[in-house]
1. Measure up Lys199/Lys220; Lys28/Lys70; Lys19/Lys77; Lys38/Lys190; Lys152/Lys220 against 28 Å on the Cα-Cα distance and list the ones that go over.
2. For Ser50 and His174, compute 0.36 nm times the residue count separating them, minus their Cα-Cα distance, and round to one decimal in nm.
3. Please list the non-local residues whose amide H lies under 5 Å from the amide H of Asp30, H modeled 1.01 Å from N, same-chain partners needing a gap of 5 or more.
4. Along the positive direction of the dipole of segment 121-221 (beta-carbon charges: Lys, Arg +1; Asp, Glu -1; about the Cα centre), which of Tyr139, Gln183, Leu194 reaches farthest?
5. In whole Hz and in residue order, list the ³J(HN,Hα) couplings for segment 134-147 that follow from phi through the Karplus curve 6.51 cos²θ - 1.76 cosθ + 1.60, θ = phi - 60°; x for Gly and Pro.
6. Normalise the Debye intensity by I(0) for segment 121-221, one equal point scatterer per Cα, no solvent, then take log10 at q = 0.11, 0.20 Å⁻¹ and round to two decimals.
7. I need the semi-axes of the equivalent ellipsoid of segment 5-85: take the C-alpha gyration tensor, multiply each eigenvalue by 5, square-root it, list largest first in whole angstrom.
8. Determine the gain in length on full extension of the stretch Asp214-Leu68; use 0.36 nm per residue of separation and subtract their C-alpha separation, reporting nm with one decimal.
Amino acid sequence: MENQASMILAIDISSNSVKVGLVSEDLKLDQFNSQNIKIINEDIDGFVKSFDMNDLWNKITIGVNQILNKIKNRNIKIMGISICTQRIASVFLDGKGSVVYGGPNIDIRGIDSAYLIEDEFSEKDLVPYLGGEVLCSEYGEAGSEELADNVKTSLEERNAVILANHGSLCCGSHLEGAYTVLQYLERGSKIYYLAKLIKEPNLLPEDTIDYEMDIFDLFKDSKKI
């Protein structure tokens, strides 16, 4: 009769998959399977992500059952379960080590997102949608002509303006276009804030901004935004 073997059931929930394995006491992999999980993009560029929890639990159950079915005729004792997941938070410290920001990962999947900020979400992407530097208008009471005049002064030909102590105003030739501008404004604001925690952000040179403004004009003329 085969001697009873004691093994550990290992479950790993990684960036985009669920892996289930059976590991011996001397850390040798006996069984293994992997399944991709459903990841939901919550914004227009895939920067914010979440999991479909029903899908996640279903994939864990399927993976475990596959392992157990493969070993059901073997003399194996599951002596423990080990579970590993990706990190779920990030903390920024100042020069003295004090916490200045704590919250969800820039990318909830737990990958290094610095290159995403630099390459995919640069100021260059924002100019054609926002129309250049977004200004903050002077304060005015809600619903007042003063507020309206301040907004007009700061908005000019741009698609977005920040209202002091109120929020933001985003414009477009249609509702979907205005919503797209809002998403770019919120994304750009978050990136600028996080970048400024690390060092002073590098801005685009004037000739590049001029070129991007030409695209902004094309977007407005064609009613893309």
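Read-outs: derived from the displayed coordinates by stated rules, not from any lab. Predicted, not measured: the structure shown is a model, and the values here were computed from it. For neighbour counting, all protein chains shown are included, and Cβ atoms are generated from backbone atoms with ideal geometry for every residue, glycine included.
1. Values: Lys199/Lys220 34 Å; Lys28/Lys70 17 Å; Lys19/Lys77 20 Å; Lys38/Lys190 26 Å; Lys152/Lys220 18 Å.
In this structure, Lys199/Lys220 lie more than 28 Å apart at Cα.
2. Working: separation 124, 0.36 × 124 = 44.64 nm, distance 2.88 nm.
That pair, Ser50 and His174, stretches by 41.8 nm at full extension.
3. When sequence neighbours closer than 5 places are left aside, the close amide H contacts are Leu22, Val23, Ser24.
4. Leu194
5. So the J values, rounded to whole Hz, are 8, 9, 9, 6, 5, 5, x, 5, 4, x, 8, 5, 4, 4.
6. One equal scatterer on each Cα of segment 121-221 leads to -0.35, -1.07.
7. Values: eigenvalues 178, 29, 14 Å².
The three semi-axes for segment 5-85 are 30, 12, 8 Å.
8. Working: separation 146, 0.36 × 146 = 52.56 nm, distance 6.15 nm.
Working it through step by step, the gained length comes to 46.4 nm.
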